[in-house]
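Okay, structure first, notes after.
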Amino acid sequence: MNIILFGAPGAGKGTQGARLAAERRLPLLSTGDMLRAEVAAASPLGQEIQHILDAGDLVPDVTIIEVIAARLAETDCEHGFILDGFPRTLAQAVALDDMLAHMARSVDHVLVLEVDEPTLTARIAGRAAESGGPRTDDSAEIAAKRLAIYHAQSAPVVPHYEAKGLVRRVDGGRDMDAVAADIAGALDA
Ligand code: ADP
């Protein structure tokens, strides 16, 4: 099963993705985690993108597409995967569809976690307040920018997959167990 978990910053993709990955024994491909690991390791890529992550901007499409293409080619993705944080632009979605088509595969499900704006803002602020948190991009100012970028650049990914009949919307504003149950229902419907 090839799954995209989609939603705004703070929608709960990371939490639900980790759960789903354990339940379905699928690898979780979180581009945010992958990019933060590059920064932490001070790799050439990490050094190049650190300022972009800190500013809350998106890394260039070509960069992230290359990272994901390499990851999807690894053997643990053979029987499926869960994408968290990718695709985040229409160009990334088209590139993903293309690379999967070359592997004779395709996206099976796009789960859209819907959460209202005040809740998103409160969740990100809560994450920023956690002591020793690794996210330097959770400050109120940067979080607002990430939400604006989500609406402008990422939201168009939904109609792209809606046209293919792959989108299932889940109310992500409830407690974790209720959201997980809805996700399971959407996948097994
Ligand atoms: P969130 O979902 O809370 O915004 P992520 O952990 O998914 O956070 O992403 C953190 C940062 O990593 C983003 O603000 C962006 O700079 C970068 N990033 C992650 N995925 C992508 C992507 N697909 N395209 C471009 N940049 C990305």
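Against the numbered list (1) within 8 Å of the ligand (Cβ to nearest atom); (2) closer than 21 Å to I142 by Cα; (3) out of contact with any Lys or Arg (no Cβ under 6 Å at 6 or more places or on another chain), V39 comes up short only at (1). In the condition set (1) in contact (Cβ under 8 Å) with a residue 12 or more places away in the chain; (2) within 8 Å of the ligand (Cβ to nearest atom), I52 is compliant with all but (1).
Residue count for the stretch 56-71, restricted to those that are hydrophobic (A, V, I, L, M, F, W, C) and within 8 Å of the ligand (Cβ to nearest atom): 4. Could you count how many residues in the stretch 63-98 are open to solvent by 50 Å² or more (accessible area, probe 1.4 Å), charged (D, E, K, R) and either within 16 Å of P156 (Cβ to Cβ) or assigned to a helix (DSSP H, G or I) (or both)? Residues in the stretch 63-98 being open to solvent by 50 Å² or more (accessible area, probe 1.4 Å), charged (D, E, K, R) and either within 16 Å of P156 (Cβ to Cβ) or assigned to a helix (DSSP H, G or I) (or both): 4 in total.
Give me the pairs, please: first residue somewhere in the stretch 169-182 and of a type in the set (V, I, T), second residue anywhere and exposed (fewer than 13 other Cβ atoms within 10 Å of the Cβ), beta-carbon distance under 8 Å, and either six or more positions apart or on two chains. Qualifying pairs under 8 Å: V179/D171. For the stretch 159-180, the condition holds for at least one residue, the condition being that it is closer than 28 Å to E78 by Cβ, open to solvent by less than 30 Å² (accessible area, probe 1.4 Å) and small (G, A, S).
The residue that is surrounded by the most Cβ atoms within 10 Å (Cβ to Cβ), among those in the stretch 127-158 that are farther than 21 Å from V39 by Cβ and touching a helix residue (DSSP H, G or I) at 6+ places or on another chain (Cβ under 7 Å), is V157.
Please verify whether P118 is away from the ligand (no atom under 14 Å from the Cβ) and either under 27 Å from I183 (Cα atoms) or assigned to a helix (DSSP H, G or I) (or both), treating the condition exactly as stated. Taking the combined requirement at face value, the residue satisfies it.
The single condition among (1) under 16 Å from R88 (Cα atoms); (2) crowded, with 19+ Cβ neighbours inside 10 Å that Q16 does not satisfy is (1). Of the conditions (1) near the ligand (Cβ under 10 Å from one of its atoms); (2) part of a helix (DSSP H, G or I), E23 satisfies every one except a single condition; which number is it? For E23, the failing item is (1).
When the stretch 34-62 is examined, which residues are found to be at negative phi and loosely packed, with under 15 Cβ neighbours inside 10 Å?
Selection gives A37, A40, A41, S43, P44, Q47, E48, H51, D54, A55, P60, V62.
Count of the stretch 1-13 residues, restricted to those that are closer than 19 Å to L72 by Cβ and in contact with a helix residue (DSSP H, G or I) (Cβ under 8 Å, 6 or more places away or on another chain), is 6. All of (1) part of a loop (DSSP other than H, G, I, E, B); (2) modelled with pLDDT under 95 hold for A143 with one exception: (1).
Output the number of residues of the stretch 26-62 satisfying the condition of being among the hydroxyl-bearing types (S, T, Y) and either farther than 18 Å from A93 by Cα or part of a loop (DSSP other than H, G, I, E, B) (or both).
1
The values are calculated or read from the model by the stated rules, or taken from the named source; none is laboratory data. None of the values given here were measured: they were computed from a predicted structure. Quick reminder, even Gly has a Cβ in these numbers, built from the backbone with ideal geometry, and neighbours come from all protein chains shown. Quick note on the areas: whole protein, heavy atoms, side chains included, nothing else; ligands and nucleic acids left out. Shrake-Rupley method; radii C 1.70, N 1.55, O 1.52, S 1.80 Å.
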